[in-house]
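The values are calculated or read from the model by the stated rules, or taken from the named source; none is laboratory data. In this text the structure is predicted, and so the values were computed from the model without any measurement. Positions of Cβ are backbone-derived with ideal geometry, glycine not excepted, and every protein chain shown enters the neighbour counts.
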């Protein structure tokens with residue numbers, strides 16, 4: 001779906017090219033845990049960490065996911081399957097595509113989960129707390145009463161100009177996912193042929209960070225003995241995979257009664273984030289933009305025409321409260337920085353499952369934070385400016401008084 005890439009056009013990306021092959025490897029800790037994960041990532045391209053989150057934690061987050069759906073699409077009720085069936089026109093499920101939630105504040109719903117994910121997985125993997133986290137969305141795949149006829153979209157999430165290991169993506173399952181349920185599909189070992197396959201496409205297309213494989217590309221893999229593999233998981237399990245692995249989120253097979261609920265979380269060391277990206281991170285918070293899996297850049301999803309026909313309501317009534325740690329992970333507070341550039345609202349009690357995130361965040365924001373954000377963004381004089389209040393759906397975001405640079409638009413579809 002459409003994606004807006006923030007920053008200057010036509011600039012060579014940092015850490016690209018042969019000189020930066022496997023640029024992430026030196027940043028991975030030498031601990032036993034980290035090296036075990038790295039071994040699996042280098043061999044098959046993915047790793048499963050069992051039971052990282054408890055059943056109680058996943059139940060709270062699943063309830064939060066349902067609360068988002070019911071708030072954003074008012075006609076849906078979790079206990080009424082007729083309210084969310086695909087046969088309705090327009091489909092009321094508030095997904096961007098393929099039951100994947102990338103719009104309507106989706107990237108900001110699971111901040112507390114991301115904080116714990118970073119602490120339990122990415123901090124020990126990189127051996128540092130100085131990380132930045134993605135604001136990508138989540139998948140909430142519905143049960144099926146027959147095979148879902150979807151075009152194949154096995155894909156790489158990394159372009160040809162980034163060679164070798166540059167990013168390890170992650171997800172946590174909030175529901176059990178059996179072999180025939182909607183689940184993650186990997187082509188184990190396909191990352192070893194990432195460059196060979198993309199070289200055939202030419203730089204214009206190959207350098208994009210989303211490349212769907214065609215039948216000829218898959219034949220290259222199958223001739224090497226590499227085939228697609230469905231990967232079942234239990235709720236609370238964490239999946240990690242490298243961005244140059246061929247993968248996809250597979251639909252259910254036949255009649256299945258289970259939901260697939262998955263939250264995507266990716267962290268990279270903060271040292272990989274260019275200085276000029278921080279102003280866009282502040283802007284993302286101002287507008288509650290959802291982004292791609294890359295924490296070191298800002299790429300935001302935008303609506304398509306079909307979303308205009310949905311009866312959509314904003315999830316957050318005002319910008320959400322964030323703990324100091326969450327602000328650091330989102331790049332709103334730079335590490336070792338003095339002062340607080342965004343408002344530290346009263347921190348909600350996230351241990352109370354009876355209190356929804358919408359209720360938690362209906363607090364009185366301070367006025368200092370938005371002022372500092374405005375000053376920071378206004379200080380960035382690069383690029384043409386436009387008024388976000390002129391967007392097609394101004395009611396679906398948090399109104400901003402800040403004029404912002406126009407963004408480069410790309411076509412991008414993401415399903416993991």
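With the checklist (1) modelled with pLDDT of 90 or more; (2) over 21 Å from residue 49 (Cβ atoms); (3) touching a strand residue (DSSP E or B) at 6+ places or on another chain (Cβ under 9 Å); (4) buried (at least 20 other Cβ atoms within 10 Å of the Cβ) in hand, flag the one item residue 285 doesn't pass.
(3)
Of everything in segment 291-310, what is in a loop (DSSP other than H, G, I, E, B) and at pLDDT below 80? Give them in sequence order.
Result: 302, 303, 304, 310.
Which residue is surrounded by the fewest Cβ atoms within 10 Å (Cβ to Cβ), if the candidates are limited to segment 182-217 and must be modelled with pLDDT of 90 or more and assigned to a loop (DSSP other than H, G, I, E, B)?
Checking each candidate, the answer is 189.
Please work out which residue is nearest to residue 137 (Cα to Cα), limiting yourself to segment 62-73 and to residues that are out of contact with any strand residue (DSSP E or B) (no Cβ under 7 Å at 6 or more places or on another chain) and touching a residue at least 60 places away in the same chain (Cβ under 8 Å).
68
Sort out which residues of segment 42-95 are more than 19 Å from residue 263 (Cβ to Cβ), over 21 Å from the mean Cα position of the chain (by Cα) and at pLDDT 95 or above, and write them in order of number.
Within segment 42-95, 42, 43, 44 meet the criteria.
Quick one: what pairs do we get from segment 141-153, first residue loosely packed, with under 12 Cβ neighbours inside 10 Å, second modelled with pLDDT under 80 and in a loop (DSSP other than H, G, I, E, B), C-beta under 6 Å, 6+ apart or different chains?
none
Which residue is surrounded by the most Cβ atoms within 10 Å (Cβ to Cβ), if the candidates are limited to segment 218-238 and must be within 28 Å of residue 121 (Cβ to Cβ) and in contact (Cβ under 8 Å) with a residue 60 or more places away in the chain?
233
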